[in-house]
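All of the numbers you see were taken from the coordinates with simple rules; none came from a lab. Owing to the predicted nature of the structure, the values given are computational and were not obtained by experimental measurement. Every residue, glycine as well, gets a Cβ built from its backbone with ideal geometry; the counts of neighbours run over all protein chains shown.
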Amino acid sequence: MQARLGSNEGDPVDPRSDAPAAKGGPGGPGVVAVAGEALIDFVPAGRNGLFEAAPGGSPANVAVGLAARRSRSGCWPGSPTTCSATASWPT
Amino acid sequence: MDLSFAVQAAEPTSLAIVAVGPDGVVEYDFRVKGTADWQWRDHELAGALDGDVVALHAGSLALTMAPGADALQRLMARAGEAMTVSYDPNCRPLLMGSPEAVRGRIEALVGLADVVKASADDLAWLLPGRAPEQVAEAWLAKGPSVVVVTLGPAGLVVAARQAGVMRRPGRSVTVVDTVGAGDACMSALLAGLHRRDLLGASRRADLLAVDAATLQEVADEAVLAAAITCTRHGADPPTSADLRTALA
C-alpha cells in the first residue's frame with residue numbers, strides 16, 4: 001500500500017488554540033507518503049467467538065492516523081471497511 | 001488520503017488474526033504466504049516520492065518480507081536525500097524467524113531513517129538484554145535525528161542529539177485493546193513534527209537539533225494518541241479534535 005497524506009496545516013492540537021484550520025496556519029507544507037502493507041485484521045467481535053474484519057497493517061494504520069490529524073474541516077475519508085487487495089483501500 | 005499511488009495487485013490480501021488478552025494486549029497470527037503486500041517492485045514505486053512529499057514513512061512486515069522488502073529499502077534510501085524518512089520495524093517474531101535473521105536489515109533501515117519508532121517488545125526480541133535507553137542511544141548513533149521506544153502503559157523513551165534521552169509517562173486509561181496503539185503513536189509523532197515544521201529536507205538540520213521542550217510536547221501528544229486508541233476497539237486513531245478534547 002502507498003498512500004499520501006496532505007499537509008496538516010492548521011492542526012491545532014493546542015487546547016488554547018481554537019483557530020479553525022486554514023491554509024497558511026501553523027505547520028509545515030507538503031505531504032507525507034506512506035509505504036508498506038495494508039492487510040485485514042480479524043479482530044474478536046466480543047460475542048459468540050465471532051471475528052470482525054477490519055482494515056489494518058501497521059503502515060496503513062499510520063496513514064489513517066495522519067489523515068485523522070488533518071484539519072477538522074473533514075478531510076477524513078471515512079472508515080474503510082474492507083479491501084480485497086493493496087490497491088482497493090476504499091476512500 | 002490520496003490512494004492514487006496504491007498498486008493494483010493480483011495476489012490476495014494478507015490476513016492477521018488478532019487475539020486479545022485479558023489486559024487488552026494483543027497477539028497476532030498471520031496468513032501471508034504469496035499475498036500482495038510483499039511483492040513490491042521498483043517500477044511500482046517509481047513516482048511515489050514525486051511532488052510535494054516532505055516525508056516518507058515505511059516499515060513493518062513489508063520491510064523484512066522477501067522479495068518486496070528490497071524494493072522498499074531502495075525507496076527509503078532514495079528518499080533520504082530529498083525528505084524526512086521515518087521507520088517502524090514492528091517486529092513480528094512469527095514472521096521474521098530469528099532475531100539474527102533480520103537484525104542486520106533492521107539496523108540498516110534504522111541507518112536510513114531520520115525518525116525511528118519501536119516498541120520495548122520489539123527490542124526485547126531483536127536486541128535482548130538491552131534497556132530501551134541504551135538502544136535509543138545506539139540507534140541515534142546510526143544516523144536518525146529522533147528515536148522513540150514505546151513502553152506500553154509506562155509511556156515512552158524519546159531520544160535526540162541535543163535533547164538527550166528522556167522518559168515520558170504513560171496515561172492511565174481503560175484498555176479495550178492495544179490494536180493500532182503503536183501506529184497511533186507513530187502517526188502522532190509525524191503529525192507533531194509536521195505541525196512544528198520539522199519535516200522535509202530543508203528542515204533536516206532543525207530536526208537534528210530539536211530541543212527537549214519541543215520533543216517533549218511531540219512525545220506527550222504521541223502518548224495521548226496511543227492512549228486514546230487503546231480505549232477504542234481496533235485501530236482507530238484520534239483526530240485533532242479528539243486530541244483537543246482530551247487536552248481541554
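Using a Förster radius of 30 Å, what is the FRET efficiency between residue B:130 and residue B:216 based on their Cβ-Cβ separation? Nearest 0.05, please.
Values: r = 24 Å, r/R0 = 0.79.
Efficiency for this residue pair is about 0.80.
Applying the Karplus parametrisation 6.51 cos²θ - 1.76 cosθ + 1.60 with θ = phi - 60° to the phi angles of the range B:163-170, what ³J(HN,Hα) value in whole Hz is obtained for each residue in order, glycine and proline being reported as x?
Each residue's phi maps through the Karplus curve to give 6, x, 9, 10, 9, 10, x, x Hz.
Calculate one ³J(HN,Hα) per residue across the range A:40-56 by plugging θ = phi - 60° into the Karplus curve 6.51 cos²θ - 1.76 cosθ + 1.60, and present them in order as whole Hz with x for glycine and proline.
My calculation for the range A:40-56 gives 9, 8, 9, 10, x, 8, x, 8, 6, x, 7, 10, 9, 8, 10, x, x Hz in order.
What fraction, in whole percent, of alpha-carbon pairs in chain B exceed 32 Å separation?
Values: 5255 of 30628 pairs.
That fraction is 17 percent.
Non-local amide H neighbours of residue B:231 (under 5 Å, H modeled in plane, Pro and chain starts lacking H): which ones?
Residues meeting the criterion, in which the H sits 1.01 Å from N, are B:176.
Full-extension gain between residue B:201 and residue B:30, please, as 0.36 nm times their residue separation minus the C-alpha to C-alpha distance. Walk me through the numbers before you get to the answer.
Numbers: separation 171, 0.36 × 171 = 61.56 nm, distance 3.66 nm.
Taking 0.36 nm per residue and subtracting the Cα distance, the gain is 57.9 nm.
List the residues of the range B:58-92 whose backbone N lies under 16 Å from a point placed 7 Å from the Cα of residue B:41 along the Cα-to-Cβ direction.
Flagged as within label range: B:67-72.
Once you treat every alpha carbon in the range B:108-221 as an equal point and sum by Debye, what is log10 I(q)/I(0) at q = 0.17 Å⁻¹?
-0.79
Restricting to Cα pairs below 8 Å that are 6+ residues apart, what does the relative contact order work out to for the range B:39-247? Please round to a whole percent. Walk me through the intermediate numbers first.
Values: 368 pairs, mean separation 35.3, N = 209.
Reported as a whole number, the value is 17 percent.
Tabulate in residue order the Karplus-calculated ³J(HN,Hα) for the range B:26-41, using 6.51 cos²θ - 1.76 cosθ + 1.60 with θ = phi - 60°, rounded to whole Hz; enter x for Gly and Pro.
Once θ is set to phi - 60°, the couplings for the range B:26-41 become 10, 10, 10, 10, 10, 10, 10, 6, x, 7, 5, 5, 10, 10, 4, 10 Hz.
Can you compute the modelled spin-label distance between residue B:162 and residue B:74, with each label point 7 Å from Cα toward Cβ, in nm?
Each label point is offset 7 Å from its Cα along the Cβ direction, giving 3.8 nm.
Shielding of B:13-23 by partners, i.e. mean partner chain Cβ atoms within 10 Å per residue? The partial results should precede the final answer.
Numbers: counts 14, 8, 6, 9, 6, 8, 3, 3, 0, 0, 0.
Per-residue shielding by partner chains comes out at 5.
As a check on your grasp of the helix formula, calculate [θ] at 222 nm for the protein assembly as shown: sum -39500 (n - 2.57) over DSSP H runs of n ≥ 4, divide by the residue count, round to the nearest 500. Could the numbers behind the result be given before it?
Numbers: 10 runs with 104 residues, N = 339.
One gets -9000 deg cm²/dmol as the mean residue ellipticity at 222 nm.
Using only the Cα atoms of the protein assembly as shown, build the gyration tensor, take square roots of its eigenvalues as a ≥ b ≥ c, and label the shape rounded, prolate or oblate: rounded if a/c is under 1.5, else prolate if a/b is larger than b/c, else oblate.
Details: a/c = 1.16, a/b = 1.13, b/c = 1.03.
It is rounded, given that a/c, with a ≥ b ≥ c, falls under 1.5.
With a 10 Å radius around each residue's Cβ, average the other Cβ atoms per peptide and rank B:63-75, A:43-55, B:201-213, highest first.
Numbers: B:63-75: 18.9, A:43-55: 13.5, B:201-213: 15.2.
In decreasing order of mean packing, B:63-75, A:43-55, B:201-213 become B:63-75, B:201-213, A:43-55.
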